[in-house]
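The values are calculated or read from the model by the stated rules, or taken from the named source; none is laboratory data. Note that this is a predicted model, so its numbers are computed, not measured. No Cβ is skipped: glycine too gets one built from the backbone with ideal geometry, and neighbour counts run over all protein chains shown. Just the protein is used for accessible areas: all its heavy atoms, side chains included, with ligands, DNA and RNA removed. Shrake-Rupley method; radii C 1.70, N 1.55, O 1.52, S 1.80 Å.
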Amino acid sequence: MALKDAPVQIRRAATVAQISSASSRALGLLSTTLIIATLPTWIPGLLAYQTIPVALLVLTIGSIIVSRKGSRIREEIAERQFEKARSSTFTTAILGFIIGGIIPGLFYIYLYTRIGDVMVKRTPDDPKTVYLLPHPSEGMFLGRYLGWIAAYLLVLYIGYTQLSPGLREVSDWLSPVLGVHFNTMIVALFLVFTNPLTYPPLLYLWTFTGFLGGLIAGGKIRRGFLVGMTVYLSTLGALGLAALAIYQKVDLSTLSGLPSPPPGFSIISATTGPVAGDIIPILIQTSSPTSQMVIQDVILTMMRNAGLVFVVVTISGRAASLFWQGDVFILKTIWNMIKTKKPALPENAGDLSKKGILLLTLAILLLIPAYHSVDSPSITQAPPSGPYQQNLAIGLDMLGAPNASLRMTNLDLSSKGLVLDNNYAGNNLSLFIINNNYSQSLGTDSGLGIPSLILGLFSQPALITFYTGDQATIRAESDTVATQFSQALGVSFTKAFALPSGQGSVTIYAPNPELTNNDALTRVLGLLPSSSFSTLVKPANLQDLQYFAAIGLASISLPAPLKKTPTKAFSFVLNTQFPRQFYKAGQHYLSLKTLLGFQTGIVGDTNSNASIVSISFQRGTALYSPLGQVPPSNPIYENFTSTYIYNATITPRSDFAANFTYPFAPNITIQKTVSPSSGPLGTSHNIVVMVQNFDNVTVTNLNVTDDEAPSSYQKTLQILPSGVQTGQFASFPPGQTQFLSYTATTKSSGTYVLSPATAEFVWQGPNGTRIRYTATTDKPLISSSSGPLTQFTRTFTDLQPYSYLLLLPLLLTPIIETLKLAGRHRKKKPEPWINGPTGPQNIPPPAPAQAGPDKPADPPSSKAP
């Protein structure tokens, strides 16, 4: 008979046995999760026989043993083997107290009393009925198959579309070099090896994925576990396939000639995001990143993250299957009520419905993200510092594009917490930098010497320190200096990574991710003296321009007439590139107030040693200076350097302007455009290099050169016609336009940074002077995108015949499920004799009567057989 028809004492004992087994299983899952979450420290602790790691291992093994015994005890109760069940319960209770975590022991002690109650209340004439345990539903046809497909496609789609910003930037940069499979590898790496406990979006994703797959699979709890495990292993397989494709198709030597990162790339975001944020702190804790202990910690950390993802998706699948069972029971009960038009709820219907509602509530709560608000500390203006020097220099290049550079040296920032103490003993550089798409190199004349490629890695504010000496000492000193900058700027810093450099180390600290370049520049300007030239700079006016700013300990060079010898002190530098403004020959007017947009006058700080403003022109520029309003010595014009110098320390001015004739900037423009600039993988992009003469003069010997794209893109970018594109024109009169054009077809996702085009031409002045000019375009971008289906199919196609192994679960699963379903329908129903319907056909024939002393035997039949 079914267990639901058993006496109430037996049903309760079986229920307690099920709860006891479930508690042991839950405790085992909890201890296993703790082991996985602490894997990097658990394994070394286990090898050292520490108490907690050994206890967790014993608890896990004990929970598995106790849980299995609980399942067998439930079967023994249903089979009415009470003596055997009671003996097993007592033994299991002892194991529960010793190695099972105490709580299961309490449950089994209670079960021991319930079985005893059943044994006391039974009578000799009780029927010897064997009760059958309820068999969970198998779920819908092909449920596991459909659940796996739906969950796998969902997790890949969300992974591609919601990839973390840092990994997205790395993928966009390197996918055009390594191929389309690199994007798949990055996505799978993000999904499998990110710690879900520290990255909530991934926790929500895997929780919902496992729940969806388990809900579609339905049936036994084990079905939800299998679906979650299959989705996880499939994602891990996609990672392996993508890595194999890269290994087979790409020559890794191409990494030595990487192109420039696309605009907006931030190495801070990449190193502090998922995956790298767990690995890099391990590497920077020791002076030897390749030591055995470091490699062991990295491997254990990756195993921990992967294990946590596996736990999340499989537990979610189990919960979904349990939720499915509760829903099926409720629907069946409602259907029976509709058919019979009267309530037909069993005794435990309320409990099961409550379980279903509770599981649904928990699932909804897990999918609701938590929001946190962060209060930004206020910035106060620093009081006047000690003696310092400041120089605001404006320069015009040969084509009339102004650039500004504000430099301040020998700053006293002790009032803000920046003090040159013993922590700077081995320090060669400590700079808080802000790079707002500044494309120019910071050469040695600035005292920094940062190449444009390195500068392009920082699109977010960052603190950089460079120390030489003992690694343990310089790490402590560097962290202390980072604390000083944190207090001065009101921004918390996190160590992003550290790189060994000779006898020293370069360490990079990342501020809050919410800190923008505009906000960071405002905080930096707040550290400078209140009466310095920094008041002429408005961050809001610069946010759409290309600029670079830095403050800290560095050797900043100053031009004449200031001190030229680099000074090791706290300094500030701000370089800004303005759009091209001055073209044709003739008289022009340049105003700093118009250029910089300041509202106050230019006043030299009396607390500074010197406050100099200068404007530099190309040689041969004729200046018309308003010298009659000021002493002849201020401002002055140096013919040798073509520099217009104003000493603001002597005389304040409301503006600094210059009237000049600038004959050396003909209005010749060169542009390199891409149409369309973005599109799906395989799109053909038209690239046009256009040179136009908007001037009224003719230039000669025009030579246009376009290298098209870096050589590292040659396998993922098809260009027709290929090779260097050139155009030579003997004369280029006014109003004329020249073109170079070709097409580029993308074969990978990511952002392609094309090479700039260059135009050289010669202009001859009225006096016969010939000047050669060079104009260069910006680096145009091609943005190529591809969806999950394209990514996966490309990987599948490129890895044939190995990828055919992935078809086995796709083809075999529905075939096996169909054969099982057909086999169940072909089975003959056994003759019911225990719990079947009553009727003549179900009553066994009576035994023939036996002869006895009181009754003779039946006479033989008259009919022959």
(request) At least 2 residues that are over 36 Å from the mean Cα position of the chain (by Cα) and either at pLDDT 85 or above or surrounded by fewer than 21 Cβ atoms within 10 Å (Cβ to Cβ) (or both) in each: list the helices (runs of 4 or more DSSP H) lying fully within the stretch 516-596 that qualify. (result) 592-596
(message) Restricting to the stretch 456-508, name every residue that is open to solvent by less than 30 Å² (accessible area, probe 1.4 Å), hydroxyl-bearing (Ser, Thr, Tyr), more than 25 Å from ASN437 (Cβ to Cβ) and not in a helix (DSSP H, G or I).
(response) TYR467, SER505
(message) Can you say whether THR683 is touching a residue at least 60 places away in the same chain (Cβ under 8 Å) and either open to solvent by 10 Å² or more (accessible area, probe 1.4 Å) or over 27 Å from SER786 (Cβ atoms) (or both), as far as the supplied structure shows?
(response) yes
(request) Could you please find all residues in the stretch 657-678 being at pLDDT 90 or above and farther than 15 Å from SER741 by Cβ? (result) SER677, SER678
(message) Going through GLU708, GLU760 one at a time, which residue ends up being among the charged types (D, E, K, R) and closer than 30 Å to SER678 by Cβ?
(response) GLU708
(message) Can you report the number of residues in the stretch 686-702 which are open to solvent by 70 Å² or more (accessible area, probe 1.4 Å), part of a loop (DSSP other than H, G, I, E, B) and in contact with a strand residue (DSSP E or B) (Cβ under 9 Å, 6 or more places away or on another chain)?
(response) 1
(request) Any chance you could count how many residues in the stretch 770-784 are surrounded by fewer than 18 Cβ atoms within 10 Å (Cβ to Cβ), more than 14 Å from ALA665 (Cβ to Cβ) and hydroxyl-bearing (Ser, Thr, Tyr)? (result) 1
(request) Just need a number here: residues in the stretch 160-200 that are touching a residue at least 60 places away in the same chain (Cβ under 8 Å), more than 13 Å from SER786 (Cβ to Cβ) and part of a helix (DSSP H, G or I). (result) 16
(request) Report yes if some residue within the stretch 754-764 is open to solvent by 80 Å² or more (accessible area, probe 1.4 Å), in a strand (DSSP E or B), at pLDDT 70 or above and among the polar types (S, T, N, Q); otherwise report no. (result) yes
(message) Looking at the stretch 104-119, can you tell me whether even one residue there is open to solvent by 30 Å² or more (accessible area, probe 1.4 Å), within 16 Å of LEU3 (Cα to Cα) and among the basic types (Lys, Arg)?
(response) no
(request) Spot the failing condition for GLY426; the list is (1) touching a helix residue (DSSP H, G or I) at 6+ places or on another chain (Cβ under 8 Å); (2) at pLDDT below 50; (3) more than 20 Å from VAL573 (Cα to Cα), and only one is missed. (result) (2)
(request) Kindly indicate which of SER385, SER373 is modelled with pLDDT under 50, buried (at least 19 other Cβ atoms within 10 Å of the Cβ) and of a type outside the set (Asp, Glu). (result) SER385
(request) Check whether at least one residue in the stretch 434-446 is of a type in the set (D, E, K, R), over 34 Å from the mean Cα position of the chain (by Cα) and modelled with pLDDT of 80 or more, and report yes or no. (result) no
(message) It is to be established whether one or more residues within the stretch 169-179 are over 30 Å from GLY257 (Cβ atoms), of a type outside the set (A, V, I, L, M, F, W, C), touching a Ser or Thr at 6+ places or on another chain (Cβ under 8 Å) and at pLDDT 85 or above.
(response) no
(message) Under 6 Å between Cβ atoms, which residue pairs at least 6 apart in sequence (or on different chains) link something in the stretch 252-265 that is farther than 13 Å from LEU174 by Cβ with a partner that is modelled with pLDDT under 80 and crowded, with 16+ Cβ neighbours inside 10 Å?
(response) GLY264/SER459
(message) Under 6 Å between Cβ atoms, which residue pairs at least 6 apart in sequence (or on different chains) link something in the stretch 404-423 that is closer than 20 Å to ILE474 by Cα and aliphatic (A, V, I, L, M) with a partner that is outside any strand (DSSP E or B) and at pLDDT 85 or above?
(response) LEU418/GLN484; LEU418/ALA488
(message) Consider the stretch 647-680. How many of its residues are assigned to a loop (DSSP other than H, G, I, E, B), crowded, with 20+ Cβ neighbours inside 10 Å and of a type in the set (Gly, Ala, Ser)?
(response) 2
(request) Restrict the check to the stretch 741-750 and report whether at least one residue is more than 37 Å from the chain's Cα centre (by Cα), surrounded by fewer than 23 Cβ atoms within 10 Å (Cβ to Cβ) and over 12 Å from ILE782 (Cα atoms). (result) yes
